[in-house]
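What follows is a single structure, written as C-alpha cells, with notes after it.
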Amino acid sequence: MSRNYISKNTVDKIISARSVVFFTGAGISAESGIPIFRGKDGIWNKLKPDELANFNSFLKNPDLVWEWYNHRKKVIHESEPNKGHLTIAEFEKILPDVIVVTQNIDNLHKRAGSTNVYELHGNIERNYCIKCNKFYNGEIELKDSAPRCECGGLIRPDVVWFGEYLPQEQFIASEKAAQDSDVFFIVGTSAVVYPAASLIYTAKENGAYMVEINLEPTEASGIVNDSLLGKAGDILPDLLNEVKNKLS
Ligand code: BJW
Ligand code: ZN
C-alpha cells in the first residue's frame, strides 16, 4: 500500500542493513531546478529524444545537439545539490556501506559529498572525440558550432544516448551493488529506461527490502515494500532524522 509516512519497518531495515543502495533518476535533481524527462513538465514533452539523444541525430545535426547540451550545462552549472542529494551523502556517514547508482549526468551527488557513485548514463562534464577518443574534461567552450578535436574529429558529450551501451564497469559494479544490497531505494525515476531499470529487479530478486520515493507511483511501485509519495528533498531528510533518532 502507498503511504506518505515512513514505516517503522523501513527505519529498522535501514539500521540493520549492511549495504544500502540509492538508485536515482532525474526527480532527485528536480528540486535543484533541473528539468525531468517524462511527464507533463518533462523535456521529452517539448523536445524530441529522436532528434537529440541518439548518435545518428548527432552526426546529422551536431550543432543542434550541442546547443541543447550547452544549455543544459549552463542550467547544471548554475544549480546546487539539494536536500535530497545532501541527505544521501549524510547517510554515508552513519551507515556502514552506502552506494549511489545514478542515471543522472549532472554530477550533483558527487558535489553533495557522496563518494561511492556509479554513473550509468555518463557525466555532462566529460566529452570525447568520436574519431580518436581523446577526452576533454571540464567545460568545452560555447561556440556557434559543435566543438572539434585537434585531430579534426567531432567532440561529443560523454553521455549515453538511446541505442548505446552503458559504461560496462559502472554497470557491472552497479549490478553487484544491487545484488548485495539489503535495502534498495528507488528515488525520482520513472523506472522505464533499460538496462538501468533492470537493477531494481536484480535487487528485488536477491532479497533486498525495496523503498520507492517519488511524487507518484511508477512502473516499479508494484514490487516495493514501502512507497513514500512526495518530494525526495522532503522525505529523505525525514527518514534520516528517524534513523538518527533510533540510533541515538
Ligand atoms: C520526483 C520529483 C521529486 C519528479 N522528488 N520524485 C523497448 C522496450 C524496452 C527497452 C527499449 C525499447 N526500445 C528501446 C529500448 C532500449 C532503451 C530504452 O530503455 N528505451 C525505453 C525508454 C523504451 N535503452 C537504451 O537505448 C539504452 N541502451 C541500450 O539499451 O543499449 C543496448 C543496445 C545497444 C545497441 C543497440 C541496441 C540496444 C540507453 C539508454 C540511455 C538513456 N539516456 C538518457 C539521456 C542521457 C543523457 C542526457 O541526459 O542527456 O538518460 S534518456 C533519459 O532517461 C536519461 C535518464 O537518465 C533516463 C531515465 O529517466 P529518469 O531519470 O527516470 O527521469 P524521468 O523524467 O523519466 O522520471 C523522473 C521521475 O521523477 C518521475 O517519476 C517523477 O514523478 C519523479 N519526480 N520530481 C521525487 N521532487
Ligand atoms: Zn580526436
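A few remarks follow.
- Residue match in segment 160-168 (condition: open to solvent by less than 30 Å² (accessible area, probe 1.4 Å) and assigned to a helix (DSSP H, G or I)): no
- Members of segment 21-80 found to be charged (D, E, K, R), more than 10 Å from ligand 1 (Cβ to nearest atom) and under 24 Å from Tyr118 (Cα atoms), listed by number: Lys73, Lys74, Glu78, Glu80
- Test result for Gly113, more than 12 Å from ligand 1 (Cβ to nearest atom), of a type in the set (Gly, Ala, Ser), over 19 Å from the mean Cα position of the chain (by Cα) and modelled with pLDDT of 95 or more: no
- When segment 177-221 is limited to residues that are of a type in the set (Asp, Glu) and not in a loop (DSSP other than H, G, I, E, B), the one that is least open to solvent (accessible area, probe 1.4 Å) turns out to be Glu212.
- Top-ranked residue in segment 222-248 [being assigned to a helix (DSSP H, G or I), farther than 13 Å from Ile14 by Cα and touching a residue at least 12 places away in the same chain (Cβ under 8 Å); ranked as nearest to the chain's Cα centre (by Cα)]: Ala232
- Filtering segment 99-130 to residues that are touching a Leu at 6+ places or on another chain (Cβ under 8 Å) and under 20 Å from Ile36 (Cβ atoms) leaves Val101, Thr102, Gln103, Ala112, Leu120, His121.
- Checking each residue in segment 116-144 for being more than 10 Å from the chain's Cα centre (by Cα) and of a type in the set (Val, Ile, Thr) picks out Ile124, Ile130, Ile140.
- Residues located in segment 192-221, provided they are in contact (Cβ under 8 Å) with a residue 40 or more places away in the chain, among the β-branched types (Val, Ile, Thr) and more than 15 Å from Thr10 (Cβ to Cβ): Val192, Val193, Ile200
- Here Ala177 meets each of (1) within 16 Å of ligand 1 (Cβ to nearest atom); (2) touching a Ser or Thr at 6+ places or on another chain (Cβ under 9 Å) with one exception, condition (1).
- Scan segment 90-106 for residues that are out of contact with any strand residue (DSSP E or B) (no Cβ under 6 Å at 6 or more places or on another chain) and closer than 26 Å to Pro195 by Cα and the total you get is 4.
- Elements of type helices (runs of 4 or more DSSP H) in segment 36-119, at least 2 residues being touching a helix residue (DSSP H, G or I) at 6+ places or on another chain (Cβ under 6 Å) and not polar (S, T, N, Q): 49-52, 62-77, 83-94, 108-112
The values are calculated or read from the model by the stated rules, or taken from the named source; none is laboratory data. Every value quoted in this text rests on a predicted model; they were computed, and no experiment measured them. Virtual Cβ from ideal backbone geometry, glycine too; neighbours counted across all protein chains shown. Heads up: the accessible areas ignore ligands, DNA and RNA and are worked out on the full protein's heavy atoms, side chains in. Shrake-Rupley method; radii C 1.70, N 1.55, O 1.52, S 1.80 Å.
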